Amino acid sequence: MDSTGALSGERLVRDVVRDVAARVAPDEVVLVEGLCVLDDVAAVRRLSGRDKQDPLGFGLAEAAALVTPVVWLVLNQMASTLAGAAAAGAARRSSRWLRRVLRRPSPPAVLPPLGRDQLAEVHQRVLAEAVRRGSAAEDARELADAVVAALVLAAADPPPSDPPEGEDPTAGAPQ
């Protein structure tokens, strides 16, 4: 497990959103960074329009042309679906209640490495949601391709491993 809470091969939804925004809509990186200070539940609530107090100054749900809501909401839904298959509903509800009582933030949404069929499903969901929000078909396709590319590259590029405890990381390096 790394410092973000993701296991090897897993990717935080917020990191994929940040990568896609940087590639497809660099002007939205500031928005993504603003959302990243929140936990994922609060970020999704703001992006979906379920938050009555939107501190970002405008209704993100009504901002149809933005890439960030499409990518974050679709990937969060996919992560929830995959996590739901692994966790029982009652256990999930009780842990949510306990976090709320103890005022702990929810853990970040994590995407495990996805198979070919799951990547195709992500592509289709992003494409459909982008078109539904008013993006041109070609722009929606470009966005869906960028999301899948970010997920594939994340799976192909494992995080650097830390040297074992007590071992000199420069040992054996050319001088």
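Computed from the coordinates by the stated procedures, all read-outs in this text should not be read as laboratory data. All values derive from a computational prediction rather than experimental measurement. Reconstructed Cβ throughout: ideal geometry from the backbone, glycine too, with neighbour counts over all protein chains shown.
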Legend entry - Karplus 3J(HN,Hα) series, Hz, for the range 10-17 with 6.51 cos²θ - 1.76 cosθ + 1.60 (x for Gly, Pro): 8, 9, 5, 4, 4, 5, 5, 4
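Quick one: if the Förster radius is 25 Å, what FRET efficiency do Ala83 and Ala149 give, using the C-beta to C-beta distance and rounding to 0.05?
Working: r = 23 Å, r/R0 = 0.93.
Plugging the Cβ-Cβ distance into 1/(1 + (r/R0)^6) gives 0.60.
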Inset, instruction - Could I have the simple spin-label model distance between Val29 and Asp139, label points 7 Å from Cα toward Cβ, reported in nm to one decimal? - result: 2.1 nm
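If you stretched the chain out fully between Ser48 and Ser106, how much longer would it get, using 0.36 nm times the residue separation minus the C-alpha to C-alpha distance?
Values: separation 58, 0.36 × 58 = 20.88 nm, distance 1.73 nm.
Length gained, Ser48 through Ser106: 19.1 nm.
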Inset, instruction - Taking amide H positions as placed in the peptide plane 1.01 Å from N, state which residues far from Leu12 in sequence (5 or more) or on other chains have amide H under 5 Å from it. - result: Leu111
